[in-house]
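Engineer: Structure in structure tokens, see below.
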């Protein structure tokens, strides 16, 4: 069984190769990442990768609407761990841009349109409730976030069981990518991922929507 360190090394190598190939072919590349504790060491390793980072646009799959510098903001983790070393020249698209939720949503929809699409690489996490990005099983916005006909790339979402207003890319926006990686650790998440693979709908675990679709390549990177 691969260790977390091995998984991070493999994923760093794979992401680096895909970004570099995209830069070689088209002159630029894009990378969307998740927050939380799982990708912290991955971010550190990616920051040391030999990539033409000044040709890479980096953003988030989702964000908690919190002030810049707040340790619970995903952007804080990205800025502290990924946007350093060799990756400090990458162009970062943050999710927190304004003083009100409504104004932030409007600005975010404009700025994220500037990110190279299809996204070169999207790295999704998985929560203990089976959510991914900020697409939650208990969210009243769940159906809209997963609607393949939704024309909005960015949505405001909420969870009854988790704090903070969230901003997230919709499922159809995230599927507009060349490669999706799902990254998770621990036996609980292994069980969720295994169960999700057998689901016929997005409930109880929304991560199933991405695992079971056939339009965008998906690879799962898990370790105990």
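Readers should treat all values here as calculations from the given coordinates under stated rules, not as data from a laboratory. Everything quoted here is computed from the prediction, not taken from an experiment. Don't worry about glycine lacking a Cβ; one is built from the backbone with ideal geometry, like all the others, and counts go over all protein chains shown.
Engineer: What spacing in nm lies between the two simple spin-label points modelled at residue 101 and residue 26, each 7 Å away from Cα in the Cβ direction?
Structural biologist: Going by the 7 Å Cα→Cβ label model, 3.3 nm.
Engineer: In whole Å, how far is the Cα centre of the stretch 162-177 from that of the stretch 40-56?
Structural biologist: Their Cα centres are 23 Å away from one another.
Engineer: To check my understanding: the extent here is largest minus smallest coordinate of the Cα atoms along each principal axis. What are those three numbers for the stretch 1-45, in Å, largest first?
Structural biologist: 35, 23, 14
Engineer: Can you compute the FRET efficiency between residue 6 and residue 111 using 1/(1 + (r/R0)^6), with r the Cβ-Cβ distance and R0 = 22 Å? Round to the nearest 0.05. Write out the running numbers ahead of the final one.
Structural biologist: Values: r = 36 Å, r/R0 = 1.63.
It comes out at approximately 0.05.
Engineer: A further question follows. So what are the chain's ellipsoid semi-axes, whole angstrom, largest first, if each one is the square root of 5 times an eigenvalue of the alpha-carbon gyration tensor?
Structural biologist: Details: eigenvalues 112, 93, 58 Å².
Semi-axes from the Cα gyration tensor: 24, 22, 17 Å.
Engineer: Calculate, for residue 143 and residue 14, the FRET efficiency according to 1/(1 + (r/R0)^6) with r their C-beta to C-beta distance and R0 30 Å; round to the nearest 0.05. Let's see the in-between values first.
Structural biologist: On the way: r = 33 Å, r/R0 = 1.09.
With a Förster radius of 30 Å, E is 0.40.
Engineer: Using a 7 Å offset from Cα along Cα-Cβ at residue 201, what residues in the stretch 120-157 end up with backbone N under 12 Å from the label point?
Structural biologist: 143
Engineer: By how many nm would the segment from residue 72 to residue 150 lengthen if fully extended, with 0.36 nm per residue of separation less the alpha-carbon distance?
Structural biologist: So the chain would gain 25.2 nm between residue 72 and residue 150.
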